[in-house]
Amino acid sequence: MSRQEIQPGHEVVTETKKKLKKPPLYRVLLHNDDYTTKEFVVEILQYVFHKEHTEAVQIMLHVHKKGIGVAGVYTYEVAETKVTLVESLAQQHEYPLKCTMEEA
């Protein structure tokens, strides 16, 4: 076996690979209330969360029966934007629909 010796005037260059961590994900939650119509919740799920009608109805029914349901899972900024948009649309239509987010 031969040993590699470092001679004067020569430098050893080492490369380090940085691993990027995936950003944390957040669940966007819809909360049931007694005033927001089921149709409006389905529209929100289709417009804001880009759900197909069938999936939107399933999520809406889950929220209606369980009191809370996941509309989607996103990075922090996207989740925050969707929560703000849902609450703004609900307020414009005079519904008390509550939308929150939590770390997944």
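The values are calculated or read from the model by the stated rules, or taken from the named source; none is laboratory data. Owing to the predicted nature of the structure, the values given are computational and were not obtained by experimental measurement. Please note: Cβ atoms are built from the backbone with ideal geometry, for glycine as well, and neighbour counts cover all protein chains shown. The protein model used for the area step is the full one, side chains on, heavy atoms only, and it has no ligands, DNA or RNA in it. Shrake-Rupley method; radii C 1.70, N 1.55, O 1.52, S 1.80 Å.
Odds and ends about this structure:
- Distant-in-sequence amide H partners of LYS51 (H built 1.01 Å from N, under 5 Å): GLN46
- Basic side chains Lys and Arg get +1 at the Cβ, acidic Asp and Glu get -1 at the Cβ, and with that the dipole of the chain about its Cα centre reaches some 480 debye.
- Distance between the modelled labels on GLU43 and ALA104, one decimal in nanometres: 2.8 nm (7 Å Cα→Cβ projection).
- Rolling a 1.4 Å probe across the protein heavy atoms gives the chain an accessible surface of 81 Å² per residue.
- For the chain, the number of Lys pairs with C-alpha atoms closer than 15 Å, counting only pairs eight or more positions apart or on separate chains, is 7.
- Using a probe radius of 1.4 angstrom, the carbon and sulfur fraction of the accessible surface of the chain is 51%.
- Theoretical ellipticity at 222 nm over the chain - DSSP helices of four or more residues, -39500 (n - 2.57) apiece, nearest 500: -12500 deg cm²/dmol
- Alpha-carbon spread of the chain, three principal axes, descending order, Å: 80, 28, 21
- For LYS98, residues with placed amide H under 5 Å, excluding near neighbours: HIS31
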